[in-house]
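Just so it is clear, none of the values below were taken in a lab; they were calculated from the coordinates. Everything numeric in this text was worked out from a predicted model, so none of it was measured. Neighbour counts run over all protein chains shown; Cβ positions are idealised from the backbone, glycine included.
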Amino acid sequence: MLEHIRLKDTRRVVGLMSGTSVDGIDGALVEITGDPLEGKVKLIAFENNPFPEEVKEMIISLFDTKHANVEQLGYMNVLLGELYAKAVFSVVHKAGLKIEDVDFIGSHGQTIFHHPEVCTFPMESKGLSSNSPEDSCTFAYTMQIGEGAVIAARTGIPCVSDFRVADMAAGGQGAPLVPFTEYLLYKREDKTVLLQNIGGIGNITVLPQGGSQEEVYAFDTGPGNMIMDGLISLFTNGEKSYDEGGKTAAKGQVNKELLDTMCRDSYFSKKPPKSTGRELFGKEYCMKLFQKMLEQNISMEDALATVTEFTAWSIEDSYRQFIMEKESKRSADFQFIIGGGGSYNHTLVTKIKQRMEPLNMEVLIQEDIGFSSDAKEAVAFAMLADCTIAGKYNNIPSVTGACKPVVMGKISL
């Protein structure tokens, strides 16, 4: 079966993505023609399937490591596999095709926990033998759920899932993964391209002008929508889950003192490669920030204005610290492209433009260049799966910190 897929010149692939914002399942049906590393990619259909509120709450409960248990984890792993399978049928139907027209599926899954920092387990002191000259083993770890075997069983289509662990086994951080596909889709000979994705977490990919894949680098800039979403939910007792269009933030004033305090977080001075998530900027962070705002009588509008500015600042700060000096030496022309759900927050985009344009930066959103902010990451996992099926490397060690290229993804038939 896999050999048959490899030999096809044109493949139809469904990519699935559900991110740290836990909004729902993004499904993208794409057509890939030619070699996975050089061929053409065409988006046929895309849609977002929002999670039922009960499912969203169950996922979020797993982020609390003090209370989540293995029974809940196992239950949600299979339930999400069922929901991802339904999302495949839905996007295929939207495209006017039959499920038999799809060759395979690439599913990122739902990240429950991500720990890119290296841990050490002493082997000898635990009475364990080791064939290694080292007396301990070191590793990082991560957990994405949404069982690929369930998706394959329900659809009858091979499914590639659980991508991050192969990179982490090779010493990488397992993130970010999308820069691999961004290089294939966005590289340019005439200018340096900066791709800023704003989901729950913000991450940036740098494609140096005329550079090779080995020259690409990327890292998480810090919080994207996560803190904005968390705060508006707390202020409205759950009536709102996000600041639509940034309208609430637009009515407020930035609290400079609080912003300065947030900007002093040690994550921002840490050099790439680096990645972060809910473990740092999630529920606990939002609760502490919310309590501080209540104590200081900061209004919801001012609170949203402040944390929206915080996300914009983190993006500018990342560029100034880790990109500007290095890339200005070899390129005079830059293109800064914003994608992800944050690109629809007009207040946030305006704040980013205000911070980046004085640096002679052309600031665009994905739609300005004919792409889709919503579909971008789902398309990426379709492309990553295409490489997995073909047995081609699909990580970038210079981005993740891995010691070597690897083929990421587990195949369920």
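Around residue 217, with a cut-off of 13 angstrom between Cβ atoms, what is the net charge of the other residues, counting Lys and Arg +1 and Asp and Glu -1? Counting the neighbours of residue 217, the net charge comes to -2. Database remark: amide H of residue 141 closer than 5 angstrom to the amide H of 115 (H placed geometrically; neighbours at sequence offset of 5 or more, or on other chains; Pro and chain starts carry no H). A simple charge model with +1 on the Cβ of Lys and Arg, -1 on the Cβ of Asp and Glu and nothing else charged puts the dipole of the stretch 111-268 at about 480 debye relative to its Cα centre. Seen from all directions on average, the chain presents a Cα convex hull projection of 21.5 nm².
Ranked by the mean number of other Cβ atoms within 10 Å per residue, highest first, peptides 173-183, 109-119, 352-362 order as 173-183, 109-119, 352-362. Among beta bridges identified by DSSP and lying wholly in the chain, the antiparallel ones come to about 70 percent.
Computed from the Cβ-Cβ distance with R0 of 45 Å, the FRET efficiency linking residue 241 to residue 215 stands at 0.70. Taking amide H atoms as placed 1.01 Å from N in the peptide plane, the amide H of residue 339 lies under 5 Å from those of 196, 197, 198, each 5 or more residues away in sequence or on another chain.
Using R0 = 30 Å, the C-beta based FRET efficiency linking residue 188 and residue 153 works out to 0.10.
Taking every C-alpha pair closer than 8 Å and separated by at least 6 residues, the mean separation divided by the residue count of the stretch 354-413 gives a relative contact order of 20 percent.
Taking every alpha-carbon pair within the stretch 157-311, the share separated by more than 23 Å comes to 47 percent. Considering only 29, 394, 43, the residue lying farthest towards the positive end of the dipole of the chain is 394, judged by Cα position with unit charges set on Cβ. Close amide H partners of residue 51, meaning residues 5 or more places away or on another chain with modelled amide H under 5 Å apart, are 24, 25. When +1 charges are put on Lys and Arg Cβ atoms and -1 charges on Asp and Glu Cβ atoms, the dipole computed for the chain relative to its Cα centre reaches about 340 debye.
Only one residue of 411, 102, 194 has its Cα farthest out toward the positive end of the dipole of the chain, where Lys and Arg carry +1 and Asp and Glu -1 on Cβ, and that residue is 194.
In order along the stretch 261-268, the phi-based Karplus estimate (6.51 cos²θ - 1.76 cosθ + 1.60, θ = phi - 60°) of 3J(HN,Hα) comes to 5, 5, 6, 8, 4, 5, 4, 6 Hz; Gly and Pro are listed as x.
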